[in-house]
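Down below is the structure, laid out as structure tokens.
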């Protein structure tokens with residue numbers, strides 16, 4: 001059921017995902033991100049804002065910190081998974097795997113490789129602090145307009 005908290009969470013996390021995708025582009029090899037990077041980050045973040053943060057809005061500002069950290073972790077994990085899954089599909093189309101299990105296992109090794117690109121303290125701090133601030137924003141609207 002749509003609520004103001006869910007709508008606020010979707011909007012603010014979608015904008016935050018777009019912002020995070022923009023500032024993370026220099027961390028890719030040669031500073032070139034895939035074409036789908038910014039739209040995928042915004043869409044996944046919008047979904048996480050709606051389902052994770054928006055559904056838990058209205059419980060207080062202290063629990064919102066935990067919800068914000070959870071949403072930030074889910075954003076990071078999901079986006080790295082999308083990158084790795086896309087790379088696995090490219091490798092599978094080039095017939096680089098002997099079977100489907102090898103492709104699935106390679107997805108997780110690709111996740112480690114892509115996560116190492118974003119191993120930067122200011123970027124991680126921006127993700128965590130931004131997740132908390134977005135959760136507080138969502139909490140504000142969740143309490144005011146139930």
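Spin-label model, residue 136/residue 119: points 7 Å from Cα along the beta carbon direction are separated by 3.1 nm. Computed from Cα positions, the angle between helix 121-144 and the longest principal axis of the chain comes to roughly 40 degrees. Ranked by the mean number of other Cβ atoms within 10 Å of their residues, highest first, the peptides 118-130, 50-62 come out as 50-62, 118-130. Taking the C-alpha atoms only, the angle from helix 37-48 to the longest principal axis of the chain is near 40 degrees.
Here each label is just a point 7 Å from Cα along the line to Cβ, and for residue 143 and residue 95 those points are 6.2 nm apart. Taking the fewest neighbouring Cβ atoms within 10 Å as the starting point, the ordered list for 95, 133 is 95, 133.
Going 7 Å from the Cα of residue 30 in the Cα-to-Cβ direction, what parts of the stretch 59-89 have a backbone nitrogen less than 17 Å from that spot? Only 87 fall inside the zone, counting backbone N under 17 Å.
Binning the alpha carbon pair distances of the chain at 5 angstrom intervals from zero yields the distribution 2, 11, 19, 19, 16, 13, 10, 7, 3, 1, 0, 0, expressed in whole percent. When shorter helices are ignored and each DSSP H run of at least 4 residues is given -39500 (n - 2.57), the per-residue value for the chain at 222 nm works out to -25500 deg cm²/dmol.
Rounded to the nearest 10 degrees, the inclination of helix 61-93 to the longest alpha-carbon principal axis of the chain is 20 degrees. Using C-alpha pairs under 8 Å with a sequence gap of at least 6, the mean separation divided by the residue count of the chain gives a relative contact order of 40 percent.
Laboratory data are not the source of any read-out in this text; all were calculated from the coordinates shown. Just so it is clear, the model here is predicted, and its values are computed rather than measured. Reconstructed Cβ throughout: ideal geometry from the backbone, glycine too, with neighbour counts over all protein chains shown.
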